[in-house]
Structure formats: C-alpha cells, structure tokens
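See below for the structure under consideration.
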C-alpha cells in the first residue's frame, strides 16, 4: 500500500486533509483528517471510508466532500444543541 496526503483545504478554523492509499488490488482507499486548534491544543479527527475507487482523484474528491459534510453536520448539531440554553430573566 502507498499512502499520499494530497493538498489540504482550509474550511473556516479547520484544515481538511485528504489521505489516499493505493491498495494491494490497485484501487484507492480514501480517508480524511480534520484538524482544529494550534500547538498543544491541536485536535485531529480521522475518518476512514469503506468505498474503493478507480482513481486517486475520485478518492480525493470523495474524502474532501465527506470531510466538509462532516464539518457541516457537526456545526449544525452544535448550533442546534445550544438553542434554548440562553438565560431569560
């Protein structure tokens, strides 16, 4: 297997980095690392995906799309959980 990290994409305060692996069968596996924070407060989340792809480019696009979709869901979920938590005096 050969691993390559393609160009990272900044999405707000996050860095989305696709990780593409060529499998023994010659197809490509996609993963994505999502980084936030700086220095000792850096946090990484890595998502691995089941589908295999015929080209590195298709695998890269899939990883980036899934990383951005994850950020959107996480952001939406965070906003939804804070509704109703404000004080009313």
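Each reported figure results from applying straightforward, stated rules to the coordinates on display, with no laboratory input. What you are looking at is a predicted structure, and each value in this text was computed from that prediction instead of being measured.
Odds and ends about this structure:
- Remark: the residue 70-residue 22 segment gains 14.9 nm on full extension, using 0.36 nm per residue and subtracting the alpha carbon distance.
- Quotient of C-alpha Rg and 2.2 N^0.38 Å, computed over region 2-81: 1.16
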